[in-house]
Amino acid sequence: MATDAFEAIVEDFEFLDDWEDRYAMVIDLGKQMSPLDDALKVPATKVDGCASQVWMVPRIEDGTFHFEGDSDALIVRGIIAVLRALYDGVPVAQVPGIDAQAELGRLTLEEHLSGQRTNGLRAMLERIRKLAGEAA
């Protein structure tokens, strides 16, 4: 059920032997994202429950879920890029059915994040589900 973009990340991760290389790849994915316009970094788009500053802005086009996001932390920005690969372009009605824990588990991401980062990831996933639910 994962998007082609997410599958590409999974494939790239399989070629990297140690977590430090994977960590660097996640950071690079975040660096490749366009920054979120400062005008969109407002309390209404801020994700509560994250140790760093995180903003997510949804966009629904023709029943398809899209979102932009940003963070002041490089690794979190990279996690947002991974989440965009997982959810961006998915029909909005299918967003709640994506088993994010299982899909992200394929990357062993949570095993290598601090407790605070793991909590922040959960908060971002809850926000995505909420945004998609409101749009559907």
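Things to note:
- Cα-based Kirkwood hydrodynamic radius, region 4-135, one decimal, Å: 14.9 Å
- Simple Cβ-charge dipole of the chain, Lys/Arg +1 and Asp/Glu -1, about Cα centre, in debye nearest 20: 640 debye
- Diffusion constant of region 1-73 at 10 °C, which comes from Stokes-Einstein with the Kirkwood Cα-pair radius and 1.306 mPa s, µm²/s: 111 µm²/s
- Taking 37 °C and 0.692 mPa s as conditions, region 31-76 diffuses translationally at an estimated 288 µm²/s according to Stokes-Einstein applied to its Kirkwood radius (Cα pairs).
- Span-like helix ranges in the chain, DSSP H, alpha carbon extent 27 angstrom or more, Kyte mean at least -1.0: 115-135
Every number here is computed from the coordinates shown, using simple stated rules; none is lab data. Here the structure is a predicted model, which is why all the values come from computation and not from measurement. Ideal geometry is used to build each Cβ from the backbone, glycine not excepted, and the neighbour counts take in all protein chains shown.
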